[in-house]
Amino acid sequence: IIIDDIGYNRSQGLAAINISGNLTYAIIPHSPYAKFLATTAHQQQKEVILHAPMSNIHDHPMGKSGLTENMVEAAFHSTLLDSLASLPHIIGLNNHMGLLLTQMPVSSTPLTLPPLSSPPLCSTSVP
């Protein structure tokens, strides 16, 4: 189970992390409590993944880490790698929100992942 969109509210984030069980926490990069909550989750042997904000059909704001279909490949990669580097203990990434970016033909988007790590990170997309 993935608990998503963690990072903007410290008390709610801690409450979510304190839920017992094998849970994974998707943390929004560059959010006010992102590093603290990632570290706290890791200390409790919880999995931590990056919530990668992407263009969406609902026009939800994405923040400075947003990935869009209008980005050139270098900017896309740079933004994603910066988001990954901003959080400790990341083992993967996810995204959601009615993604416009992932619904577009691959030939018209920069949606190729750069080499991320060794061993490789896991990724998931939630509708």
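The values are calculated or read from the model by the stated rules, or taken from the named source; none is laboratory data. Keep in mind it's a predicted model, so treat the numbers as computed, not measured. Cβ coordinates were reconstructed from backbone atoms using ideal geometry, including for glycine residues, and neighbour counts include every protein chain displayed. Just so you know, the surface numbers come from the protein's heavy atoms only, side chains and all, with ligands and any DNA or RNA stripped out. Shrake-Rupley method; radii C 1.70, N 1.55, O 1.52, S 1.80 Å.
Ligands, DNA and RNA aside, residue 47 has an accessible area near 90 Å² when probed at 1.4 Å.
When 72, 48 are compared by accessible area of protein heavy atoms, the largest-first order is 72, 48, using a 1.4 Å probe.
Where does the charge balance sit around residue 26 when Lys and Arg score +1, Asp and Glu -1, over other residues with C-beta under 13 Å from its C-beta?
-2
A simple packing score, the average count of other Cβ atoms within 10 Å per residue, orders the peptides 78-87, 12-21, 29-38 as 29-38, 78-87, 12-21, with the highest score first.
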